[in-house]
Amino acid sequence: MRTRVQVYVENDVAMAFDHGSAAWSFEVDVWGRCGQGPDEAKALGDLNSQLGKDADLVVSERVRGDERAFHRDHRPATDAERRATLAVLADSRRDVMALVRACPDAVLDWDDPHRVLPSYASWRTVRQVAWHIVDTESRYALDVPTPPLADWLRPAAAT
């Protein structure tokens, strides 16, 4: 039996792609997943592959442009959504910190001149990406505790 998942799509956003698309769900069992692609179909396909199941993704709402909110975003988070958010943040914090601690400075600060990034991305090294994750989390996840910002993670330009 295929699972039905309500999803919300952002088009013409600057995330993994300039003017790309992102697909999200507010369902707690798939909380924290975001499919991304150069267009809506690819973003939906990416989300479906992340879910690890062949789901029927039903688009509940579409928005166009960066920093927009879905109608669902205007409702307060439930206790289950807060718990799911804290669990996702704990997992990602642990993974990022393990990666950073495992890398020597030469790896953390290596800038691959051939790496192609979206035009707005100013973070190029592993250290800069890790800093961006911590910084973004502290700005966007306003309803959850902010992680301490370790000086050793701060890129040289930010010190």
For this session: Scan the stretch 45-60 for residues that are surrounded by 14 or more Cβ atoms within 10 Å (Cβ to Cβ) and in contact (Cβ under 8 Å) with a residue 12 or more places away in the chain and jot them down.
Result: Asp46, Leu47, Asn48, Gln50, Leu51, Ala55, Leu57, Ser60
Exercise. Within the set of pairs 6 or more residues apart or between chains, which connect a residue that is free of Cβ contacts under 8 Å to residues at least 12 places away in the same chain and within 24 Å of Val13 (Cα to Cα) inside the stretch 64-87 to a residue that is open to solvent by less than 50 Å² (accessible area, probe 1.4 Å) and among the charged types (D, E, K, R) with Cβ atoms less than 7 Å apart?
Worked result: His71/Glu61
Seminar exercise, completed: Per the list (1) touching a Ser or Thr at 6+ places or on another chain (Cβ under 8 Å); (2) farther than 20 Å from Glu27 by Cβ; (3) surrounded by fewer than 16 Cβ atoms within 10 Å (Cβ to Cβ); (4) at pLDDT below 80, residue check on Ala150 breaks on (1)
For this session: Those residues that are at pLDDT 85 or above, of a type in the set (Val, Ile, Thr) and open to solvent by less than 60 Å² (accessible area, probe 1.4 Å), I need them from the stretch 1-44; list them, please.
Result: Val5, Val7, Val9, Val13, Val30
Problem set entry | Output for the stretch 124-147, where each listed residue is open to solvent by 40 Å² or more (accessible area, probe 1.4 Å), part of a loop (DSSP other than H, G, I, E, B) and modelled with pLDDT of 80 or more | Arg124
For this session: Working only within the stretch 86-123, note down all residues that are more than 26 Å from Arg68 (Cα to Cα), out of contact with any Ser or Thr (no Cβ under 7 Å at 6 or more places or on another chain) and surrounded by 14 or more Cβ atoms within 10 Å (Cβ to Cβ).
Result: Val96, Met97, Leu99, Val100, Cys103
Problem set entry | Given (1) more than 24 Å from Val126 (Cβ to Cβ); (2) in contact with a helix residue (DSSP H, G or I) (Cβ under 9 Å, 6 or more places away or on another chain); (3) of a type in the set (A, V, I, L, M, F, W, C), number of the condition Ala22 does not satisfy | (1)
Problem set entry | Residue, farthest from Glu27 (Cα to Cα), within the stretch 66-107, restricted to residues that are touching a Gly at 6+ places or on another chain (Cβ under 8 Å) and of a type in the set (Val, Ile, Thr) | Val88
For this session: Quick one: count up the residues across the stretch 61-71 that are open to solvent by 60 Å² or more (accessible area, probe 1.4 Å) and either basic (Lys, Arg) or within 23 Å of Arg83 (Cα to Cα) (or both).
Result: 4
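The values are calculated or read from the model by the stated rules, or taken from the named source; none is laboratory data. Note that the structure is a prediction, hence the values are computed from the model and not measured. Note: ideal-geometry Cβ built from the backbone for every residue, glycine included; neighbour counts use all protein chains shown. Ligands, DNA and RNA are stripped out before the accessible areas are found, and what is left, the full protein with its side chains, is counted by its heavy atoms. Shrake-Rupley method; radii C 1.70, N 1.55, O 1.52, S 1.80 Å.
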